[in-house]
Amino acid sequence: MDEAAIKTRRPRFVLQERPWLNRQRAIALSYVVALILYVVTGIYSPGFLSLNHLRILAVSASILGIVAAGQTLVILTGGIDLSVSSVLTASAIVTTLHSSSDQDLWHVLPLVFLMAAGVGLINGVAVSALHLPAIIVTLGTAGVLQGALLVSTSGGQTGAALPPAALTYLADGDVGPIPTSLLCWILLTWLVSTLLSRMPFGRKVYAIGNGPIVARMTGVNIVFTLSVVYVFSALCAAFAGLLLAGDLGTTYLSMGDTYLFTSISAVLIGGASILGGRGHYLGTVAGVIILTGIGGLLAILNQGPATLAIIYGVIILVTVGVATAAQRGVRR
Amino acid sequence: MATSSMKSTLRGLPPGLPRIDATTALPYVVLVLLVITTMALQGRVSLDAFSNLPDTTLPLILVGLGETIVILSRGIDLSVGGIMSLSTALVATHVTTNKSIVLGLILVAAVGALAGALNGLLIVITGIQPFIVTLATWSITGGVALQVLPTEGGTVAPNLVSGLSGSVGPASKSLIIIVTLIAIWLYLRRTRFGVSLYATGSSEKAAVLNGLRASRVTVIVYACSGLASALAGIYFAVLTSSGSPTAGNPYILDSIAAVVIGGTSLAGGRGGFVPTVVGGFILAAIGTVVFYANMSSYWSTLGTGLILLITVMLYGIVGLVQSRRRSGG
């Protein structure tokens, strides 16, 4: 069986035996693609690389990057999280609805993150303890959350409220020359990369992705690890929801919808395997930069969502296709 | 591991009758409970409340048919949404007059089947996971649908609408179509293709070793799914008498939900179309119950999520108990 062959090979990518470039070929490739994309677009339209425009791109990339951080960990364990968009929307709407001033955030935010953690915990426990497919469990929790939002806001009629000033600052403010949201993203990138590359927890994530049975035999507590991973994913989505509300200055029921597709795409473009066990968040970061850049490029070319959708699809096929072909080459 | 997959192959294979156990019965029980609840809310014993259920559920059942076949072969098809949107958009922009309806429909169906076959070919040739291939082609076909029909609207040929809606005698045409689909499926699973499908889904390696051309099965499976999605798109256009370039998107997850609620295993090789039909009716009946309970329609989204989670968890618990019993003795 093909899958079995891949799985026995995969640990080589985890054990650090080879030079960095060779080991992380797919990730290096993604950064090359990103660089070419930005340079070519910058030559075509110099305004693209102006500080103002780069700042706009950085804020939207940060929001996507934060959602994709959770999605990366989940996909590395061999799962998938379809509930990110619902958690994102729920966090944004509940927060803006219940906090008229910045002071209210002190008691609303803990509850929002608690709700997100609860959703993640249900996902994680159902996937690990009941051995259910992640795609179904997270689809179910997403449906429940969406339904609860619809019911509590009467179909979005009471959902629109101005986000408090603190959220706007969180998304669009500046710390020195850097937008606050970008700063959050950089911190998260450092945290997740350290977690994956240098901490025992990262090893466990890869181990589960490579094969849960072997992972359990080597002493990995699968229920605990997966629960943490899915809770982390939900918390990332909830935090991104706060940023998006602050950035947009409003909330609505479909605000998170696009983040489901783009977060998964970013992970895949970054070279991670949907089967789990292979990939890194640094690859996802490149994927996020590419997707955001394409969005900006098409805006310059005056192209609508139709072209964007087609190009996203082609990019996924090409990048994953090249990575898969390279993988087959390595195997031979 | 090997014995369990062999068992499931044998269970899925004709001509044996389906084994009745907790898992097979579950979707039927849920559907009956929903029907009883509706009758209780109405205060009388009558199926009138469900008279237009076949109409509204047919697109989901068609997409579900394709999704069932794909999932039985151990794949997954996310592009059903894009293909369905594309076919709805094509019907609403190109099959607008009574002239050449048949030719138009054949072309739309062919586009769907071709897009599906392309999925299969990409999976077989490149070796990329079905989830990723169909995620990408969903985006692509959805984008093309938006190019064909940028906003909701368009018109559908009146003869097409009258030809597919309404009823023949006591039965609505959609119900007749559903029964026909079930009959085709029951025949199909006894053919060479049906056996190859279950065999490939149970263990592709074993299927290939036994002389089955698994890659050919894969291409046919995805072509069928594309065709079914295109038909769903056509019927959706008939149902609404207009087109929407995003009509198919809700059907991706709904069809997977219908398949899973019916009890078909995502691990491939176990399940069938009839449980998916039941799963589809369950999803639709939730809306009926919510309506007769005088609750806002938003509750049906919540209900769908809850029913999906609960049934799936029940399947998971039953599976755990069974595997524990097996390993215990």
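Laboratory data are not the source of any read-out in this text; all were calculated from the coordinates shown. Keep in mind the model is a prediction, meaning the values are calculated, not measured. Cβ sites come from the backbone with ideal geometry, for glycine too, and all protein chains shown count toward neighbours.
Read phi for every residue in the stretch B:134-148 and hand back ³J(HN,Hα) as whole Hz from Karplus 6.51 cos²θ - 1.76 cosθ + 1.60, θ = phi - 60°, with x for Gly and Pro.
Whole-Hz 3J(HN,Hα) from phi for the stretch B:134-148: 6, 4, 5, 6, 4, 4, 5, 5, x, x, 4, 4, 5, 6, 5.
In whole Å, what three semi-axes, largest first, describe the equivalent ellipsoid of chain B built from its Cα gyration tensor (square root of 5 times each eigenvalue)?
31, 27, 17
Show log10 I(q)/I(0) for chain A at q = 0.07, 0.13, 0.15 Å⁻¹, two decimals, from a solvent-free Debye sum over equal Cα scatterers.
Log10 of I(q)/I(0), two decimals: -0.28, -0.99, -1.28.
Summarise the partner chain shielding of B:119-132 as one whole number: the mean count of Cβ atoms from other chains within 10 Å of each residue's Cβ.
Values: counts 0, 0, 0, 2, 0, 0, 1, 7, 7, 9, 7, 1, 6, 11.
Mean number of neighbouring Cβ atoms from other chains: 4.
Given a 10 angstrom Cα cut-off, can you work out which residue in A:G293, A:G70, A:G143 is the most mobile in a GNM of chain A?
Highest fluctuation among the options: A:G143.
Under a Cβ-only charge scheme (Lys and Arg +1, Asp and Glu -1), can you give me the dipole magnitude of chain A about the Cα centre, in debye to the nearest 20?
For this selection, approximately 1640 debye.
Hey, can you grab everything whose amide H is under 5 Å from the amide H of A:T153? Only 5+ residues off in sequence or another chain; H modelled, so Pro and N-termini drop out.
none
I'd like the mean, over residues of A:126-138, of how many other protein chain beta carbons sit within 10 Å of each residue's own Cβ.
Counting other chains' Cβ atoms within 10 Å and averaging over A:126-138 gives 5.
Using a 7 Å offset from Cα along Cα-Cβ at A:L51, what residues in the stretch A:179-197 end up with backbone N under 12 Å from the label point?
Residues passing the 12 Å test: A:179.
Give the long-range amide H neighbours of A:G270: residues separated by 5 or more places, or on another chain, with amide H under 5 Å away, using H modelled in the peptide plane at 1.01 Å from N.
Counting only residues 5 or more places away or on other chains, the set is A:G287.
In cubic angstrom, how much convex hull volume per residue do the alpha carbon atoms of the stretch A:136-287 span?
In the stretch A:136-287, the Cα hull volume divided by residue count equals 127 Å³.
If eta is 1.306 mPa s and T is 10 °C, what Stokes-Einstein diffusion coefficient results for the stretch B:73-180, Kirkwood Rh from Cα pairs, in µm²/s?
103 µm²/s
Show me, bin by bin at 10 Å from 0, the whole-percent P(r) of the stretch B:157-297 based on Cα pairs.
Once binned at 10 Å, the Cα pair distances of the stretch B:157-297 give 10, 31, 35, 18, 6, 1.
Taking a temperature of 20 °C and a viscosity of 1.002 mPa s, what whole-number D in µm²/s does Stokes-Einstein yield for the stretch A:205-286 with Rh from Kirkwood over alpha carbon pairs?
In µm²/s, the coefficient is 147.
Quick one: if you stick a label point 7 Å off each Cα along the C-beta vector at A:L114 and B:S327, how many nm between them?
With each label placed 7 Å out from Cα toward Cβ, I get 3.6 nm.
For the protein assembly as shown, what is one quarter of the convex hull surface built on the Cα atoms, given in nm²?
It is 30.8 nm².
For the protein assembly as shown, what does -39500 (n - 2.57) per DSSP helix run (n ≥ 4), summed and divided by total residues, give at 222 nm, in deg cm²/dmol to the nearest 500? List each step's numbers first, then the result.
Numbers: 30 runs with 496 residues, N = 661.
Only helices count here, giving -25000 deg cm²/dmol.
Calculate the mean, over all residues of peptide A:272-284, of how many other protein chain Cβ atoms lie within 10 angstrom of the residue's Cβ.
Averaged over the peptide's residues, the number is 1.
With θ set to phi - 60°, apply the Karplus curve 6.51 cos²θ - 1.76 cosθ + 1.60 along the stretch B:285-294 and write out the HN-Hα couplings as whole Hz, x wherever there is a Gly or Pro.
Per residue, the Karplus-derived 3J(HN,Hα) values read 5, 4, x, 5, 4, 4, 4, 6, 7, 6 Hz.
Hey, got the dipole for the protein assembly as shown? About the Cα centre, +1 on K and R Cβ, -1 on D and E Cβ, debye to the nearest 20?
Roughly 2760 debye for the protein assembly as shown.
Which FRET efficiency value, to the nearest 0.05, do you get for B:R44 and A:Y44 by plugging their Cβ-Cβ distance into 1/(1 + (r/R0)^6) with R0 = 60 Å?
0.30
Once you put a point 7 Å from the Cα of B:Y28 and another 7 Å from the Cα of A:V223, both along the Cβ direction, what distance in nm separates them?
3.4 nm
Hey, if you drop one equal point scatterer on each alpha-carbon of the stretch A:22-153 and run the Debye formula without solvent, what base-10 log of I(q)/I(0) do you get at q = 0.13, 0.14, 0.19 Å⁻¹?
Values returned for q = 0.13, 0.14, 0.19 Å⁻¹ are -0.78, -0.85, -1.08.
Short version: ³J(HN,Hα) in whole Hz for each residue of the stretch A:298-314, in order, from phi by Karplus 6.51 cos²θ - 1.76 cosθ + 1.60 (θ = phi - 60°), x for Gly and Pro, what are they?
Each residue of the stretch A:298-314 in turn: 5, 5, 5, 7, 6, 9, x, x, 5, 5, 4, 4, 5, 5, 4, x, 5 Hz.
Near the amide H of B:G243, under 5 Å away, which other amide H atoms are found, from residues 5 or more places off or on another chain, if H is placed in the peptide plane?
B:G153, B:G154
Can you tell me the dipole magnitude for the stretch A:75-215 around its Cα centre, using point charges on the Cβ only (Lys, Arg +1; Asp, Glu -1), in Debye to the nearest 20?
Values: 3 positive and 5 negative charges, 116 e Å.
Magnitude of the dipole: close to 560 debye.
Using C-alpha positions alone, give me the convex hull volume of the stretch A:242-332 per residue in cubic angstrom.
Details: hull volume 11.0 nm³, N = 91.
Dividing the Cα hull volume of the stretch A:242-332 by its residue count gives 121 Å³.
On the Cα set of the stretch B:25-71, report Rg and Dmax in Å, please.
Rg, Dmax (Cα atoms, Å): 13.5, 41.
So if I take the alpha carbon set of the stretch B:237-329, get Rg, then get Rh from the Kirkwood formula, what is the Rg over Rh ratio?
Ratio value, two decimals: 1.09.
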